[in-house]
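The structure under discussion appears below in the form of structure tokens.
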Amino acid sequence: MPRTVSPLLPATRERLRQLGERLRLARRRRRLSATQVAARAGMAPMTLRGVERGAPAATMGAYAAVMQVLGVEADLDLLAAADPIGRALQDARLSPARKAPDRVPAASDSGAPEAASTDKKPARSGAAPRLASTTPRARVASVSSAAAMKQATGASAPGFVSARALATLLDAPSRPRAKTKRR
């Protein structure tokens, strides 16, 4: 029964192909034949051919065995070591004092300064009262996702989203619920 492999994005498939090519070049620089490397790695020559072509069906263990034979297994420590996106998302959630983005005026705003909201929460143990309309959720819910993303990132570069803006958008409700009367 053949194994099924999850489909990969073209960019990921290209990275695997490039890894296989680098492993093939490393083998050739060491003047080792494919048969020698396959035997030392404990695999069939067909498996080594798949690794050198960047086949997604080849296991991570097969790639690691070839890297070990070639003496480049220390490069495995570099895989996913930095994780800048994950760290930024973690820092955004752990940060106690996040500054919320400024409110983008809605089309219905008249341009006149708004009066302060009357639904203030009582201050707890010396904490300053917060206006209900200044919460990041309320602010993001009132603005379209594209405008909120542009405002949160502070950049108009298409395709760029900061981790903080992503975390804010993920935490926001998808759309405000309509109020209905019960009879």
Sort 77-89, 47-59 by packing, meaning the average of other beta carbons within 10 Å per residue, with the highest value first. 47-59, 77-89
Give me a comma-separated list of calculated 3J(HN,Hα) values for region 18-29, in order, Karplus coefficients 6.51, -1.76, 1.60 applied at θ = phi - 60°, integers in Hz, x for any Gly or Pro. 5, 4, x, 5, 5, 5, 4, 5, 5, 5, 5, 4
Counting sequence-distant residues (5 or more places) and residues on other chains, those with an amide H built under 5 Å from that of Gly54 are Gly20
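Read-outs: derived from the displayed coordinates by stated rules, not from any lab. All values derive from a computational prediction rather than experimental measurement. Counting neighbours? That spans all protein chains shown, and the Cβs are built from the backbone with ideal geometry, glycine included.
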